[in-house]
Amino acid sequence: MKKIDGYSKLSKDQQMNWLIDNFFDGDKTVKDEFAGYLHRNPEIQDDFDEFAENTITNFYLPLGIAPNFLINGEMYALPMAIEESSVVAAMSKTAKFWLTRGGFHTEIINFKKIGQVHFEFKGNVEKLKKDFPTIKASLLEDVEYLNINMKARGGGILDIELVDLSHKESHLFQLKASFDTCDSMGANYINTNLEELATLIQEKITEEAYGAKPYIIMSIVSNYTPDCLARAWVECPIEELGIQNGISPQEFATKFRKAIRIAEVDPHRATTHNKGIFNGVDAIIIATGNDFRAVEACGHTYASRGGEYSSLTHCSIEEGRFKFWIDLPLAVGTVGGLTQLHPLVKRCLQILDFPDAKKLMQVVAVGGLAQNFAAVRAMTTVGIQKGHMKMHLLNILKHLEATEEEKEYAIHYFKDKVVSFTNVRVMLDQIRTNHSTPKNL
Ligand code: MEV
């Protein structure tokens, strides 16, 4: 493959031809294959093309629905865009389990986002710190014009702090600004404010008055939002948990709590544990057009806030009650960005009854908690493989191009046998070389 200049300037067709010539030996049927995933409505495809650069086609993910979620007394069906088998089924099972035990409860703990102007300052630090309250008041006044719309919606810039990081890196300081971005995720709005603040401090902190001007390094939103926090929990008297695969409710509750404790104290387990939580979280985040990279990065930082990576969920057993909860920082939006542009995101938000950002945070936290409950419940009772294996089997059968008849037989055959790629292939080979239909076996 030769280096190519100006790839982005080529038409979609030319981009595709370059790809086909360089990676698929000029096979035009591959071009048709890619084109097969384009949307039949050219206007919608134009929107998709504009989401990102050099778009040649669309990349599909399954969109599933997990129904029967009772959250704060209201029923929800959760839209989930995810490719991993068993996740949607596990969520639906957990929803049903808690439906008869009071459902899920949620609250917003706080709702504040952060942006930073990073700069070096080699002037009179003491004077800067002393004068900062006056500088801050005038900064807030000067960025007022950028905040009119957000203020009218009930939000806006909340505060600006001067943070001294010079003990970590010579001369390093930052303006740490906080914002209420209402129903938008708010990154653009925050970045606009920050860049203006960066210009303003260069004007206000002069060489004459402070011995040096601030040297701006960069201005950017922080994806770590520990003060934009949703809590979700489930609770019930222990005996209401019922018998779990032959295990008494008391033993199940104790074993479950120990499993959570392991994730609290061991980063290896915590990583897998939290990965499962993000199975539920990311699927809803993607379906509602939000930024799963930001949400994941934030969640993992929050999970490390005590100095060691730990569990995002917690469990208690007190006075005969089982309680299981999650605190999850979530910077999400229900207006702006993809929410108005992606046709399926619009429909997913409709399925959730057009939530505001706070409601979506709570629904997403429930998704994470439900997924974790499903995984830990399975692992501490029947084991994780039982649920996974049917889906796994179906995927293997699909890969081996099994007929409907062969599939039906395989599901029955593997009920009490170990599912592995080799075992499934051997079974199919037997059927196929004997030229016998499964029914004859
Ligand atoms: C698999 O995608 C997720 C689990 O490993 C989560 C967990 O171990 O808690 C089942």
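The values are calculated or read from the model by the stated rules, or taken from the named source; none is laboratory data. Because the structure is predicted, anything quoted here is derived from the model rather than measured. Cβ atoms come from the backbone with ideal geometry, glycine included; neighbour counts cover every protein chain shown. For accessibility, only protein heavy atoms count, side chains too; no ligands or nucleic acids. Shrake-Rupley method; radii C 1.70, N 1.55, O 1.52, S 1.80 Å.
Quick notes on this one:
- By the rule of a C-alpha distance below 19 Å, with chain neighbours fewer than 8 residues away ignored, the aspartates and glutamates paired with LYS122 are ASP131, GLU161, ASP164, GLU169, GLU203, GLU207, GLU208.
- Applying both filters, DSSP loop and at most 12 other Cβ atoms within 10 Å, to the chymotrypsin sites (Phe, Trp or Tyr not before Pro) of the range 97-172 eliminates every site.
- Sequence-separation-based contact order of the range 387-440, relative, with Cα cut under 8 Å and 6+ spacing, percent: 44
- Overall, the ratio between the Cα radius of gyration of the range 113-221 and 2.2 N^0.38 Å, rounded to two decimals, is 1.05.
- Each of TYR76, TYR413 has its accessible area taken with a 1.4 Å probe; listed largest first, they run TYR413, TYR76.
- Here is the list for the range 104-213: GluC sites (Glu not before Pro) lying in DSSP coil, each with at most 15 other C-beta atoms within 10 angstrom of its C-beta, are GLU169.
- Contact order normalised by residue count of the range 158-313, Cα under 8 Å, 6+ apart, percent: 15
- Which of THR254, GLY156, HIS268, positive extreme of dipole for the chain (C-beta unit charges): THR254
- Nearest-ten-degree value, helix 249-265 long axis tilted from longest Cα axis of the chain: 50
- Modelled spin labels at GLU43 and ASN245, positioned 7 Å past Cα toward Cβ, are 5.2 nm from each other.
- Solvent-free Debye calculation, one equal scatterer per alpha-carbon of the chain: log10 I(q)/I(0) at 0.06, 0.07, 0.08 Å⁻¹ equals -0.37, -0.50, -0.64.
- Gyration tensor over alpha-carbon atoms, the range 271-364, equivalent ellipsoid semi-axes in Å: 27, 16, 10
- For the chain, accessible area per residue (1.4 Å probe, heavy atoms of protein chains only), Å²: 52
- Accessible surface ranking that places the most exposed of ASP416, ASP13, ASP183 first, with a 1.4 angstrom probe: ASP416, ASP13, ASP183
- Mean separation of Cα pairs under 8 Å and 6 or more residues apart, divided by the residue count, gives the range 113-221 a relative contact order of 46 percent.
- By DSSP, the beta bridges lying fully in the chain are antiparallel in about 95 percent of cases.
- Fully extending the segment from GLU141 to ALA212 would add 23.2 nm, taking 0.36 nm per residue of separation and subtracting the current Cα-Cα distance.
- With 10 Å bins from 0: P(r) over the range 387-440, alpha-carbon pairs, percent: 25, 63, 12, 0
- Percent accessible area from carbon and sulfur atoms, the chain, protein chains only, probe 1.4 Å: 52
- Listed residues THR29, THR288, THR254, most fluctuating in the chain (Gaussian network, C-alpha, under 10 Å): THR29
- Projecting the Cα atoms of LEU400, VAL30, SER138 onto the dipole axis of the chain, where Lys and Arg carry +1 and Asp and Glu carry -1 at the beta carbon, places LEU400 farthest toward the positive end.
- Sparse packing (at most 16 other Cβ atoms within 10 Å of the Cβ) combined with a DSSP loop state is found for the following trypsin sites (Lys or Arg not before Pro) in the range 11-90: ARG40.
- Extent of the range 7-51 along its three principal axes (Cα atoms, max minus min coordinate, largest first): 31, 23, 12 Å.
- Listed cross-link partners LYS96/LYS415; LYS151/LYS204; LYS96/LYS323 are compared with a 20 Å cut-off, the Cα-Cα value being larger for LYS96/LYS415; LYS151/LYS204.
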